[in-house]
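Engineer: Sending over a structure as structure tokens; questions will come in a sec.
The values are calculated or read from the model by the stated rules, or taken from the named source; none is laboratory data. Just so you know, these numbers come straight off a predicted model, no measurement behind them. Glycine also receives a Cβ, built like all others from the backbone with ideal geometry; neighbour counts cover every protein chain displayed. Ligands, DNA and RNA are excluded from the accessible area calculation, which covers all protein heavy atoms including side chains. Shrake-Rupley method; radii C 1.70, N 1.55, O 1.52, S 1.80 Å.
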Amino acid sequence: MALLPILRFPDPRLRTVAKPVERVDDELRALIDDMFETMYHEPGIGLAATQVDRHLRLIVMDVSDDKSRQKVLINPEIVASSGTQVCKEGCLSVPTVFAEVKRAERVTVRALDRDGAPYEFTAEGLEAVCVQHEMDHLDGKVFVDYLTPLKREMAMKKLAKLAKVEQG
């Protein structure tokens, strides 16, 4: 397994719309394992393939505290949603920036698992937020797109300052 570099906003590659996964094979499963390792290392609760510059409809997530509820979503689609919630979100591609985003409270998702078998599940609360946030990445969207222009500008300044610090 290997840690993968995560694209940082405003990298234009984060705007790429991911393509459907054509085949679930050992190469894809190796990418899934690397994505989990990267997500846990950062630490995060979800990671879309787009964020590691692989433009496939693939998400890994685990909202548990003890890394016990791994979910792999290949070619995910939301088939039902209900309610609304506002949750403070962050993103591995937008480090140090957090903002409230309005999302559906409950979503039903259809996807393939790491072996290519179809499954469906219903998520609510934080898990529902995570699914919607990561699916946005697959469509070339980032959570800061939901912010007002002023808040987005403030986020950009914060990221620019962080980049200067990291470059030394």
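Engineer: Is there a residue in segment 142-161 that is of a type in the set (Gly, Ala, Ser) and crowded, with 17+ Cβ neighbours inside 10 Å? If you could, list the steps in order and put the result at the bottom.
Structural biologist: Filtering segment 142-161 for residues of a type in the set (Gly, Ala, Ser) gives 155, 160.
Retained after the next criterion (residues that are crowded, with 17+ Cβ neighbours inside 10 Å): 155.
Checked against the condition, which is being of a type in the set (Gly, Ala, Ser) and crowded, with 17+ Cβ neighbours inside 10 Å, segment 142-161 yields at least one hit.
Engineer: If we keep just the residues of segment 70-97 that are at pLDDT 95 or above and of a type in the set (Ser, Thr, Tyr), which is least open to solvent (accessible area, probe 1.4 Å)?
Structural biologist: So, considering only residues that are at pLDDT 95 or above and of a type in the set (Ser, Thr, Tyr), the one least open to solvent (accessible area, probe 1.4 Å) is 93.
Engineer: So for segment 101-124 (the condition being hydrophobic (A, V, I, L, M, F, W, C), open to solvent by 30 Å² or more (accessible area, probe 1.4 Å) and over 18 Å from residue 24 (Cβ atoms)), does at least one residue qualify? Let's see the steps before the verdict.
Structural biologist: Initial filter on segment 101-124 (hydrophobic (A, V, I, L, M, F, W, C)): 101, 104, 107, 109, 111-112, 117, 121, 123.
Filter again for open to solvent by 30 Å² or more (accessible area, probe 1.4 Å), leaving 112, 117.
Checking the rest, the ones that are also over 18 Å from residue 24 (Cβ atoms) come to none.
Within segment 101-124 (the criterion being hydrophobic (A, V, I, L, M, F, W, C), open to solvent by 30 Å² or more (accessible area, probe 1.4 Å) and over 18 Å from residue 24 (Cβ atoms)), the answer is no, since none of the residues qualifies.
Engineer: Test each condition in (1) touching a His at 6+ places or on another chain (Cβ under 8 Å); (2) over 21 Å from residue 45 (Cα atoms) for residue 143 and report the one that comes out false.
Structural biologist: Residue 143 satisfies all of (1) touching a His at 6+ places or on another chain (Cβ under 8 Å); (2) over 21 Å from residue 45 (Cα atoms) except (2).
Engineer: While we're here: Given (1) free of Cβ contacts under 8 Å to residues at least 40 places away in the same chain; (2) assigned to a strand (DSSP E or B); (3) out of contact with any Pro (no Cβ under 8 Å at 6 or more places or on another chain); (4) open to solvent by 30 Å² or more (accessible area, probe 1.4 Å), where does residue 165 come up short, assuming only one miss?
Structural biologist: Just one mismatch for residue 165, condition (2).
Engineer: Additional query: Somewhere in segment 28-40, is a residue open to solvent by 80 Å² or more (accessible area, probe 1.4 Å) and assigned to a helix (DSSP H, G or I)?
Structural biologist: Let us first name the residues in segment 28-40 that are open to solvent by 80 Å² or more (accessible area, probe 1.4 Å), namely none.
Among the residues of segment 28-40, not one is open to solvent by 80 Å² or more (accessible area, probe 1.4 Å) and assigned to a helix (DSSP H, G or I), which makes the answer no.
Engineer: Does residue 62 satisfy being buried (at least 17 other Cβ atoms within 10 Å of the Cβ) and out of contact with any Leu (no Cβ under 9 Å at 6 or more places or on another chain)? I'd like the intermediate steps shown before the answer.
Structural biologist: Values: buried (at least 17 other Cβ atoms within 10 Å of the Cβ): yes; out of contact with any Leu (no Cβ under 9 Å at 6 or more places or on another chain): yes.
Against the criterion (buried (at least 17 other Cβ atoms within 10 Å of the Cβ) and out of contact with any Leu (no Cβ under 9 Å at 6 or more places or on another chain)), residue 62 qualifies.
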